[in-house]
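See structure below.
The values are calculated or read from the model by the stated rules, or taken from the named source; none is laboratory data. Computed from a predicted structure; not experimentally measured. Please note: Cβ atoms are built from the backbone with ideal geometry, for glycine as well, and neighbour counts cover all protein chains shown. Quick note on the areas: whole protein, heavy atoms, side chains included, nothing else; ligands and nucleic acids left out. Shrake-Rupley method; radii C 1.70, N 1.55, O 1.52, S 1.80 Å.
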Amino acid sequence: MAEVLHVEGLSKTFGALWVTREVSLTLAAGEVHAVIGPNGAGKTTLIHQISGVVLPDRGRISLRGRDITRARPEARARAGLARSFQITSVLPEFSVLENVALSVQAREGRAMRPWGRAAADREANARGMAALERMAMADRARRLAGTLSHGEKRQLELAMAIAADPVALLLDEPLAGAGPEEVPRLIELLRGMKGGAAILLVEHDMEAVFALADRITVLAEGRVIASGQPDAVRADEAVRAAYLGEDF
Amino acid sequence: MKGWRLPLAMLLVFAAVPLLPLGRDSGYVMLLGARIMVFATAAVSLDLILGAGGLVSFGHAAPLLLGAYAVAALDKAGVDGALPVLALALALAGIYALLTGAVALRTRGVNFIMITLAFAQMVYFATGSIPDYGGTDGYPLGERTRLFGLKVLHDGLPFYLSALVVLVASYLVCRALLATPFGRSLVALRQNEQRARAMGIDPLRVRLGAMVVASLIASLAGVLLANESDFISPAYGAWQRSAELMVMVLLGGAGSLSGAVLGAGVVVLLEEGLGRFTQHWPLIFGPVLVLAALGLRGGLAGMWARRG
Ligand SMILES: Nc1ncnc2c1ncn2[C@@H]1O[C@H](COP(=O)(O)OP(=O)(O)OP(=O)(O)O)[C@@H](O)[C@H]1O
Ligand SMILES: [Mg+2]
């Protein structure tokens, strides 16, 4: 399978805290690769480094063979790397459709254009609407994003990501903060995204992880302590120890 | 039609002023109206970066000052043609915005405010140190700027109409720009920079572009101001002037463009009105503004939007 994302020997310290220790992992086209680990394991920091929010001290990141280790976040996004945030992140004053349409425009390098009406960009609107339909929220298109429920904002983030038609998609706890009645619906939507962009999925909800992941990597104290098929990881002693009897 | 009512209503008011039968007072009223429009032009351009873009620039009087000194410099050289004057004003303001923006945009929050102020102060002191243009005393304008030999900026009606044309054009340019993908990106960056960047929007390029456009428009206001007073001095670019422009934008309702015009009207009229009674008008004006800013959600434009 073609490899779309390659992370090698990534290391990062915050002062005395070594949050990412020689982490290597890959993401193959079409797969869902889950990254799990206890609170503070360094999962978000890993996603921040891959997406360019935080620069690593050492190591290399490449997207489809192109080195992006030092590239700025916006350059990575235009190269096809989309992401969501652990804390919901949308453009609250824009309509839902404007959120997804801008995602398309930015991905296509049209977001800097000082001419033409943004709202009249048919291709962006059509692709945005298609993404909203896939995320089952086309009926919300005209609503202001800031007025959506928490679960709907989560859906919108996913829609913004797929509207960009990314090569790789980094999801940082897409279920975080969603109510118990919203979780099954979000898992279904995530399942519907399988087979498209390769997905690096950070998630605490083990039901979701085992329902979606083709591969699982376990992070503890910044280090990869296990990686492989879901069943093998589930049986791994080191993983059980890291979670210390937590429901796993 | 939505979003056009307030600007059209204001356009009607501005267009009607020269037609009012005011007799002897007509000249004074037109002068005041023109002054409002000149400051409104600068305020609208500031609203593009401050209101829409969320960039709290405390140095927007600098491009205005540069526009005024472009008039002085060419007057000294015996040139009064609008084309060379505008070319110089726009070039100075554009280069200023590019250089200072590239530095200031690397900072955030209070640092951005302070650094834009610092750059504007540099222009303020620099203009005051040029003996050729009168130093801090200022420079009395020899000949007002002419367009193809026409006295478009000379007393009364011509100046009033020119100021109106510049204001309308500036408003339309800013408004059109905000509707483009560029404008959408600028607003997106204000709402949530991290999200906008994760989408692929380059914050530096977008914001720098907006600062350049705002600076160019402010320099036009500077050219008009120099001609209105027949006098050019560093005082046009004092920090108080920058603060005044910010007040206009905030009072009118940041981000609405037409609010900036309302804000400019209120500020100029209040200054004029209070100035008649006491020279300590800022003492009254300051608290009025604070109360207005606290009491008016979305400024005057927000009040208009909620009417009825
Ligand atoms: N900017 C920073 N400066 C200093 N320490 C940080 C910074 N960001 C994260 N950390 C620390 O690094 C460690 C890893 O944080 P990170 O957010 O990556 O963990 P995580 O695995 O995503 O945790 P969670 O499951 O709670 O989201 C934590 O101990 C955190 O406090
Ligand atoms: Mg995290």
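How big is the stretch A:1-117 on each of its three principal axes, counting only the C-alpha atoms and giving the largest first in Å?
Projected onto the principal axes, the Cα atoms of the stretch A:1-117 cover 48, 31, 26 Å.
Test of understanding: in a Gaussian network model of chain A with alpha carbons linked when under 10 Å, which of A:20, A:45, A:147 would top the mean-square fluctuation ranking?
Greatest mean-square fluctuation among the candidates belongs to A:147.
When the helices in the protein assembly as shown are scored as -39500 (n - 2.57) per DSSP H run of 4 or longer and the sum is shared across all residues, what 222 nm value do you end up with, to the nearest 500 deg cm²/dmol?
Working: 22 runs with 303 residues, N = 556.
Estimated from H runs of four or more residues: -17500 deg cm²/dmol.
Tell me, what does the Kirkwood hydrodynamic radius of the stretch B:123-276 come to in angstroms if you use every pair of distinct C-alpha atoms? Write out the running numbers ahead of the final one.
Working: mean 1/r = 0.0560 Å⁻¹.
Computed over Cα pairs of the stretch B:123-276, the Kirkwood hydrodynamic radius comes out at 17.9 Å.
Return the Cα extents of the stretch A:118-245 along principal axes one, two and three, sorted largest first, each rounded to a whole Å.
Here the Cα extents, ordered largest to smallest, are 56, 29, 23 Å.
Only bridges whose two residues both fall in chain A count here: according to DSSP, what percent of them are antiparallel, nearest 5?
Working: 21 of 37 bridges.
Percent antiparallel among DSSP bridges in chain A is about 55.
Normalised by the residues of the stretch B:33-177, what does the relative contact order come to in percent, with Cα pairs under 8 Å and at least six apart? Kindly include the intermediate steps, with their values, before the conclusion.
On the way: 142 pairs, mean separation 48.9, N = 145.
Normalised by residue count, the contact order of the stretch B:33-177 is 34 percent.
For the stretch B:39-100, what is the Kirkwood estimate of the hydrodynamic radius, computed as the reciprocal of the mean inverse distance between distinct Cα atoms, to one decimal in Å? Please list the in-between numbers first.
On the way: mean 1/r = 0.0804 Å⁻¹.
Computed over Cα pairs of the stretch B:39-100, the Kirkwood hydrodynamic radius comes out at 12.4 Å.
Once the Cα atoms of helix A:150-163 and of chain A are each reduced to a long axis, what angle between those two axes, in degrees from 0 to 90 to the nearest 10, is obtained?
80 degrees
I want to verify a result. In a Gaussian network model of chain A, Cα cutoff 10 Å, which of these has the top mean-square fluctuation: A:162, A:187, A:61?
A:187
Taking chain A as a Gaussian network, where each spring joins two C-alpha atoms under 10 Å apart, which residue of A:81, A:219, A:25 fluctuates the most?
Greatest mean-square fluctuation among the candidates belongs to A:25.
Got the relative contact order for chain A handy, in percent, Cα pairs under 8 Å and 6 or more residues apart? Before the final figure, lay out each step's value.
Working: 488 pairs, mean separation 67.1, N = 248.
Reported as a whole number, the value is 27 percent.
Taking every pair of distinct Cα atoms and averaging 1/r, then inverting, what Kirkwood hydrodynamic radius in Å comes out for the stretch B:81-124? Kindly include the intermediate steps, with their values, before the conclusion.
Values: mean 1/r = 0.0875 Å⁻¹.
Hydrodynamic radius (Kirkwood, Cα only) of the stretch B:81-124 equals 11.4 Å.
Mind listing the Cα extents of the stretch B:225-283 along all three principal axes, in Å, largest one first?
32, 27, 20
Rg and Dmax of the protein assembly as shown, Cα atoms, in Å?
Cα only, the protein assembly as shown: 28.2, 96 Å (Rg, Dmax).
Note down the net charge around residue B:71, summing +1 for each Lys or Arg and -1 for each Asp or Glu among other residues with Cβ under 11 Å from its Cβ.
On the way: positive: B:76, B:144; negative: B:75, B:80, B:143, B:228, B:230.
Spelling it out: positives minus negatives among the neighbours equals -3.
Determine the sum of side-chain charges near residue A:229: Lys and Arg each +1, Asp and Glu each -1, restricted to other residues whose C-beta is under 15 angstrom from that of residue A:229. Could you put the intermediate results ahead of the total?
On the way: positive: A:215, A:234; negative: A:31, A:214, A:231, A:236.
For residues surrounding residue A:229, the net value is -2.
Under the √(5λ) rule applied to the eigenvalues of the Cα gyration tensor, what semi-axes describe the equivalent ellipsoid of the stretch B:30-156? Give them in Å, descending.
Square roots of five times the eigenvalues give 28, 18, 13 Å.
Probe radius 1.4 Å, ligands and nucleic acids ignored: give me the carbon and sulfur share of the accessible area of the stretch A:3-244 as a rounded percent.
On the way: 5060 of 9780 Å².
For the stretch A:3-244, the apolar C and S fraction of the accessible surface comes to 52 percent.
Consider all pairwise Cα distances in the stretch A:1-61 and report the whole-number % of them above 14 Å. The partial results should precede the final answer.
On the way: 1015 of 1830 pairs.
Summing the P(r) tail past 14 Å for the stretch A:1-61 gives 55 percent.
At each listed q (0.13, 0.17, 0.19, 0.24 Å⁻¹), what is the log10 of I(q)/I(0) that the Debye formula gives for the stretch B:194-305 modelled as equal alpha-carbon point scatterers?
Each listed q corresponds, in turn, to -0.65, -1.00, -1.14, -1.33.
Two-decimal Rg/Rh of the stretch A:194-248 from alpha-carbon positions, Kirkwood Rh? Show your work: numbers first, answer last.
Values: Rg = 11.3 Å, Rh = 11.9 Å.
Checking Rg against Rh, the ratio lands at 0.95.
Assign unit charges at the C-beta atoms only (+1 for Lys and Arg, -1 for Asp and Glu), then state the dipole size of the stretch B:172-308 relative to its Cα centre in Debye, rounded to the nearest 20.
Working: 12 positive and 7 negative charges, 150 e Å.
Result for the stretch B:172-308 is approximately 720 debye, rounded to the nearest 20.
With both bridge residues required to lie in the protein assembly as shown, what share of the DSSP beta bridges run antiparallel, to the nearest 5%?
Values: 24 of 41 bridges.
The antiparallel fraction comes to roughly 60 percent.
What residues from the stretch B:15-48 fall in the zone where the backbone N is under 18 Å from a label point 7 Å along the Cα-to-C-beta line of residue B:276?
From the stretch B:15-48, the list is B:21-36.
Tally Lys/Arg at +1 and Asp/Glu at -1 over every other residue whose Cβ is under 13 Å from the Cβ of residue A:115; what's the total? Before the final figure, lay out each step's value.
Numbers: positive: A:110, A:113, A:117, B:184; negative: A:121.
For residues surrounding residue A:115, the net value is +3.
Return the Rg/Rh value of chain A, two decimal places, where both radii are evaluated on C-alpha atoms and Rh is the Kirkwood radius.
Numbers: Rg = 17.9 Å, Rh = 18.5 Å.
Result for chain A is an Rg/Rh of 0.97.
Which translational diffusion coefficient, to the nearest whole µm²/s, is obtained for chain B from the Stokes-Einstein equation, given a Kirkwood hydrodynamic radius over C-alpha pairs, 25 °C and 0.890 mPa s?
Details: Rh = 19.6 Å.
Rounded to a whole number, D works out at 125 µm²/s.
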